[in-house]
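What follows is a single structure, written as structure tokens, with notes after it.
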Amino acid sequence: MIRFDYARPTEVSDAVREGAAEQATYLAGGTNLVDLLKENVARPTRVVDIGRLPLAEIGETESGGLRLGALVTNSETAYDSRVQERYPLLSSAILAGATAQLRNAATNGGNINQRTRCYYFYDVATPCNKRNPGQGCGAIGGVNRIHAILGTSPHCIATHPSDMAVALAALQAEVRVTGSDGERVIPFADYHRLPGEEPWRDNTLKPGELVTAIDLPAERFTQNFTYLKLRDRLSYAFALVSVAVAMRIEDGRIAEARIALGGVAHKPWRRLEAEEVLVGRAPDRAAFDAATEVLLDGARGHGANDFKIPMARKAIPRALEQAAAGTPQSQTDKRLA
Amino acid sequence: MPDTRHEPIRVGIGTPLNRVDGEAKVTGQAQYAAEYPAAGLLHGVIVSGRIARGRITGIDETAARSVPGVVEVLTHRNRPHTPWLDRNYKDELSIPGDPFRPLESEEIQFSGQPVALVLAETFEAARFAASLIDVSYEAAPHNIDFEASLAEKFLPSKKRNSYHEPKNHGDADAAFDKAELRHEARYHLAVEHHNPMEMHATTVDWHGDGTLTVYDKNQGSQGVQSYLCNIFGFSKKELRVVNAYVGGAFGSGLRPQYQVYLAVMAAKHMQRSVRVVMTRQQMFTHAHRPEAVYTVKLGAEPTGKLTAILGDATTSTSRFEDNMEDVVIWGMINYDSPNMKGEYSIAPRDTYTSADMRAPGAATGMTIFEIAMDELAYKAGVDPLEFRMINYSDIDAMYRTPFTSKALREAYREGAAAFGWDRRSPEPRSMREGRELIGWGMATGLWNAEFVETSARARLTADGRLEVASATSDIGTGTYTVLALVAADTLGLRPERITVRIGDSDLPHSQVEGGSRAAASAGAAVQLACQAVGAKLLAAAAKVEGKPLGDARSLEDVTLTDGYMILRSDPSKAVSFADAMAASGLDVIEEEATAKPGLGDRISQMTKSRNVHSAVFAEVRVDEDLGQVRVTRIVNAVAAGRIINPKTARSQILGGVVMGMGMALHEETMGDPILGRWMNHNLAEYHIPVNADVHDIEVIFVDEPDPEVTPLGAKGVGEIGIISTAAAIANAIFHATGQRHRNLPITIDRLIAT
Ligand SMILES: Cc1cc2nc3c(=O)[nH]c(=O)nc-3n(C[C@H](O)[C@H](O)[C@H](O)COP(=O)(O)OP(=O)(O)OC[C@H]3O[C@@H](n4cnc5c(N)ncnc54)[C@H](O)[C@@H]3O)c2cc1C
Ligand code: SF4
């Protein structure tokens, strides 16, 4: 861990000013950042602790949705009665992640900004373009069991590890951010990015920008939804493949469907074409398989993660079935619904 | 007179007793190696190397040395002088080869090798400075890929002490070729790292008068003491090693780890107290269970009776030491077959030396053999349990010697009954509930029952308090509690009156704690020491006025209860310990004793086999499409002689079973062949079972009286729980899915791909 200055502002405007400094980083719950500091992966010269900012509330938006403050913890969010009633998918996805202890400390802003779990990214003795641009990617041709099968680039095949973000993508949330240029709102689909030529950039935040809240739109999916997560043990492991589904079924036909995949790409993976395939069709296996094919179009393994393609091919229809049947995956009973 | 209004509570061998150190542990009063304060303490942070093989060409320490608080950077260039000969570096469990010497030279032998130790007044300064050390290397070709290393496999001419050569019988190859039923397959076990909860750590308290106390995480204080004295030139009077509490080890603390070497070297160099604690990442740079391949060939008659057992195994080691394990002997010991042959070799690669990890050799070899047995049972069309009974051997089938005891039949019977094995439907894929396929599998466990020379001291004071002491260790196994029970049993005292002191090289001699032998060995020593105290008490009682105990000469003549000696022939006659001591003018009775195999024991050890057995039954539920496995039920029936403390013994089996679940489904250290480095070196990506993975585990101890095996009749339970648990699970997965998995761990990708 290197030496850094430390600031703990109480106003967003001060935080953003502090955060604009060269090599500054925001500290929220610290469950990810502190590990990265200890491993010398994050080497900020200034740490801006945002824990005292007034961003720890959940409130209503003007458009009938919910606003989740960036500093509300993952636990508070998952167990908030409004979230549970109106956005059970989000609640479920959060509870599928990490452990109770981590969720008690982790914040919503920190969750969507957590860094990849790529082994090489975490180990400064190894090459990694995301950590050290231009160094090369150790995972390509290396140990890549947990890596991406979609949207990769020759420079990086990392995944985004968040479960919560997968649900937020399906729910079409918006991310509210404040920077030195003022406030802006980023649609969730545009928040995270693919590695492309700049694998060091996880998302579209500009330097120094602070996430203040995540807005959930008015539309609720309370009947037909699920968060299905496959991992290396039954709890406390990152997703190898996860599937968030939010669906509306009218008169036995799919009126609307959203599918987002976790564990397979540098961002929660959605393909609107796959969702369109479902609209107007009966919720049956044929429809689900058709959507699955579109979603996984172009999927490519890198050796140790080849299995993710058949895994996703089986998990997506299963999740669609769970959602259509109104039997969402429980996050406490580990039997798969 | 003792209080006879209610039955005195007699706590002794067989009483389920809570951990006597439990309160100290949960209230944080138990001190671990990294927690001891020391005046003027320097903090040492280890810089780990990047490459797998080659040499250091340069170290730039300028930036590190300019960090305020940094007092020294030790590297191979400026380290203090150390002895030249390998024999100075041997430890209690040394294996053939050249022991690793930290900071010895510019040579790099494995990735993560310590290349510098930064010493600073604060931990923060040391850690920061460590990040600034810039090491350059010249890399040499390396290999950490096990399959590639098999090209270099060999059987060392100089064997490791603990290694047992397989004893062949008959003509196994010919019998296999002739057999009507045959099974042949190659099995693989991934590398596992021990990962005890507590990281390896050392605090050296430099007293300034030429003496030092080394608080160290290890499994044997006296072994580490000898090692350090040999290298750094201290006498045993000067250098004391304390390991009073150990936060797990599983074998990683059997041999001294490099942090203790660095800490003592630094303390001696700086003439100051020093602490060095490994990071979790550094826990992946030393001991690990060797990777293994094992080809098993079995031939049988159509009835299922084995006619040939052939095993050929290779395990991984480093290029500088030849670590060996007993892999292939277990199936040969356990099953009756006229023809058997075992072959074994090791394959070197550019990693640290592999090491003993809970049930070394058997956890690998018996587990794999039991998967092979399951395969042949299906081929024979015989129920897997019945198949074991057909091939049951009442004697050690490899050495052809009788056992001191073997209640495996009872373990099978009781385990099967508790599990409900008779309700199993034999066909694979024939049991399901909803989308889950249900599978039931079983396997046999086998391990050694050892007893080694150990000393202990017992000290009774006039206030009726007893202290027992031995240098043995408690690595979470419950040694404190077991010794308290043995002492309570022998002298009839309540455990609250007994203090157990262990984990200190100043105490009476004990070997390193490993091989499931501490309870039987230290327990026997404590019993002897307490008996000696008892004899003194009895002699003292003769001085009590009126001689209430008459002519009682031997401890056989009295019952010891609650601080009283009561005459067996006339229970109305009793003398309290306090009265006896007062009458003889004794404030203290102190006795030291050594338990060691006597002549009869040695003959018995030469002519009889001594083993622990188990029968493991597992139920799994596998999602048919998605391959997710849930281990919903385990029954482990253990025949381990006399159980000293059913409570801590059960905990040992539970822990072993959970670790076996990890072996079956989770634990795997993955290496990057290009970098020559273990990559998932953290507990987020090195998976072990968590609560959600663990359901019902039932532990049964079957009755197995065995006065011959060890003085207490105890066999040890620290390792048997892990052995073959993974086989029972793998066999259950086959029964559930019809898919045979021969690579452990059976991770979800393996289940989804098939
Ligand atoms: C062992 C382990 C297992 C885990 N398992 C899972 C899992 O299964 N699923 C899962 O989804 N997650 C998992 N997590 C990750 C966990 O959810 C994240 O660490 C957590 O959500 C991060 O939140 P935090 O508040 O602690 O963020 P911090 O650690 O404080 O910050 C994380 C990053 O976000 C940035 N940041 C924080 N807040 C803001 C903000 N408001 N605006 C801009 N940038 C910000 C920080 O600068 C930093 O780069 C696991 C973590 C661990 C350690
Ligand atoms: S996959 Fe991305 S994060 Fe991982 S090593 Fe390659 S560049 Fe770095």
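Sort out which residues of segment A:150-166 are within 16 Å of ligand 1 (Cβ to nearest atom) and among the polar types (S, T, N, Q), and write them in order of number.
A:Thr159, A:Ser162
Counting only residues that are touching a Ser or Thr at 6+ places or on another chain (Cβ under 8 Å), give me the strands (runs of 3 or more DSSP E) lying completely in segment B:1-101 with at least 1 of them.
B:42-48, B:54-60
From B:Glu590, B:Glu619, B:Glu667, which residue is more than 10 Å from chain A (Cβ to nearest Cβ), under 30 Å from B:Thr279 (Cβ atoms) and of a type in the set (D, E, K, R)?
The conditions single out B:Glu667.
With respect to A:Val175, determine if the residue is within 16 Å of ligand 1 (Cβ to nearest atom), in a helix (DSSP H, G or I) and either farther than 19 Å from A:Val241 by Cα or not assigned by TED's automatic domain parsing to the domain that holds A:Glu256 (or both).
So A:Val175 does not fit the description; no.
Sort out which residues of segment B:336-370 are over 27 Å from B:Gln257 (Cα atoms) and over 23 Å from the mean Cα position of the chain (by Cα), and write them in order of number.
Listed by number, the residues that qualify are B:Asp336, B:Ser337, B:Pro338, B:Asn339, B:Met340, B:Lys341, B:Gly342, B:Glu343.
I'm trying to understand the selection: among the residues of segment A:34-91, which are of a type in the set (Asp, Glu) and part of a strand (DSSP E or B)?
The answer is A:Asp49, A:Glu60.
Among the listed residues B:Asp177, B:Asp173, B:Asp205, which satisfies the condition of being over 27 Å from the mean Cα position of the chain (by Cα), farther than 19 Å from B:Ala313 by Cβ and surrounded by fewer than 22 Cβ atoms within 10 Å (Cβ to Cβ)?
Matching residue, one of B:Asp177, B:Asp173, B:Asp205: B:Asp177.
Please indicate, with yes or no, whether at least one residue in segment A:35-52 is of a type outside the set (Val, Ile, Thr), more than 14 Å from chain B (Cβ to nearest Cβ), more than 12 Å from ligand 1 (Cβ to nearest atom) and touching a residue at least 60 places away in the same chain (Cβ under 8 Å).
No: zero hits.
When you scan segment B:125-146, do you find a residue that is over 30 Å from the mean Cα position of the chain (by Cα), of a type in the set (Phe, Trp, Tyr) and under 19 Å from B:Ser111 (Cα atoms), even just one?
Within segment B:125-146, one or more residues are over 30 Å from the mean Cα position of the chain (by Cα), of a type in the set (Phe, Trp, Tyr) and under 19 Å from B:Ser111 (Cα atoms).
Is it the case that A:Ala98 is away from ligand 2 (no atom under 11 Å from the Cβ), in a loop (DSSP other than H, G, I, E, B) and farther than 18 Å from A:Arg231 by Cβ?
It is false that A:Ala98 is away from ligand 2 (no atom under 11 Å from the Cβ), in a loop (DSSP other than H, G, I, E, B) and farther than 18 Å from A:Arg231 by Cβ.
So is A:Leu102 buried (at least 18 other Cβ atoms within 10 Å of the Cβ), among the hydrophobic types (A, V, I, L, M, F, W, C) and within 14 Å of ligand 1 (Cβ to nearest atom) or not?
Criteria not met by A:Leu102.
Taking the residues in segment A:118-142 that are within 14 Å of chain B (Cβ to nearest Cβ) and surrounded by fewer than 20 Cβ atoms within 10 Å (Cβ to Cβ) as candidates, determine which candidate is farthest from ligand 1 (Cβ to nearest atom).
A:Gly141
Against the conditions (1) farther than 19 Å from B:Ser651 by Cβ; (2) modelled with pLDDT of 95 or more; (3) not polar (S, T, N, Q), where does B:His6 fall short? Just the number, please.
So B:His6 meets the others, but not (2).
Considering segment B:208-219 alone, what residues qualify as being surrounded by fewer than 22 Cβ atoms within 10 Å (Cβ to Cβ), of a type in the set (Asp, Glu) and under 14 Å from B:Glu35 (Cβ atoms)?
The answer is none; no residue qualifies.
Among the residues of segment A:154-188, which ones are closer than 13 Å to A:Gly262 by Cα and surrounded by fewer than 19 Cβ atoms within 10 Å (Cβ to Cβ)?
Within segment A:154-188, no residue meets the criteria.
What are the residues in segment B:259-275 that are out of contact with any Gly (no Cβ under 9 Å at 6 or more places or on another chain) and surrounded by fewer than 24 Cβ atoms within 10 Å (Cβ to Cβ), if any?
B:His269, B:Met270
Of a type in the set (Asp, Glu), within 22 Å of B:Ala172 (Cβ to Cβ) and under 25 Å from the mean Cα position of the chain (by Cα): is that true of B:Glu301 in this structure?
Criteria not met by B:Glu301.
One residue is enough: does segment A:162-170 have a residue meeting the conditions within 16 Å of ligand 2 (Cβ to nearest atom) and at pLDDT 95 or above?
Within segment A:162-170, one or more residues are within 16 Å of ligand 2 (Cβ to nearest atom) and at pLDDT 95 or above.
Filter segment B:78-94 down to the residues that are over 33 Å from the mean Cα position of the chain (by Cα) and either crowded, with 18+ Cβ neighbours inside 10 Å or touching a residue at least 24 places away in the same chain (Cβ under 8 Å) (or both) and list them by number.
Once the filter is applied, which keeps residues that are over 33 Å from the mean Cα position of the chain (by Cα) and either crowded, with 18+ Cβ neighbours inside 10 Å or touching a residue at least 24 places away in the same chain (Cβ under 8 Å) (or both), segment B:78-94 yields B:Arg79, B:Pro80.
Report, by residue number, each residue of segment A:223-242 that is away from every other protein chain (no Cβ under 11 Å) and either assigned to a strand (DSSP E or B) or not polar (S, T, N, Q) (or both).
A:Asn224, A:Phe225, A:Thr226, A:Tyr227, A:Ala239, A:Ser242, listed by residue number.
Which residue out of A:Glu256, A:Glu197, A:Glu276 is among the charged types (D, E, K, R), more than 12 Å from ligand 1 (Cβ to nearest atom) and either under 27 Å from A:Cys156 (Cα atoms) or assigned to a loop (DSSP other than H, G, I, E, B) (or both)?
Matching residue, one of A:Glu256, A:Glu197, A:Glu276: A:Glu197.
Would you tally the residues in segment A:25-48 being under 22 Å from the mean Cα position of the chain (by Cα) and either farther than 12 Å from A:Gly110 by Cβ or within 16 Å of ligand 2 (Cβ to nearest atom) (or both)?
Count: 6.
Being more than 14 Å from chain B (Cβ to nearest Cβ) and either within 24 Å of B:Ile674 (Cα to Cα) or within 16 Å of ligand 2 (Cβ to nearest atom) (or both) is true for just one of A:Arg184, A:Arg145, A:Arg220, A:Arg193. Which residue is that?
When all the criteria are applied, what remains is A:Arg193.
Looking only at segment B:687-708, which residues are more than 10 Å from chain A (Cβ to nearest Cβ) and not acidic (Asp, Glu)?
B:Ile697, B:Val699, B:Ile700, B:Phe701, B:Val702, B:Pro705, B:Pro707
With respect to A:Ala324, determine if the residue is within 23 Å of A:Val143 (Cβ to Cβ) and among the hydrophobic types (A, V, I, L, M, F, W, C).
Against the criterion (within 23 Å of A:Val143 (Cβ to Cβ) and among the hydrophobic types (A, V, I, L, M, F, W, C)), A:Ala324 does not qualify.
Residues in segment B:292-316 that are in contact (Cβ under 8 Å) with a residue 60 or more places away in the chain and assigned to a strand (DSSP E or B): how many?
Matching residues across segment B:292-316 total 17.
The values are calculated or read from the model by the stated rules, or taken from the named source; none is laboratory data. Just so we're clear, the structure is a prediction, and the values are computed from it rather than from any experiment. Positions of Cβ are backbone-derived with ideal geometry, glycine not excepted, and every protein chain shown enters the neighbour counts.
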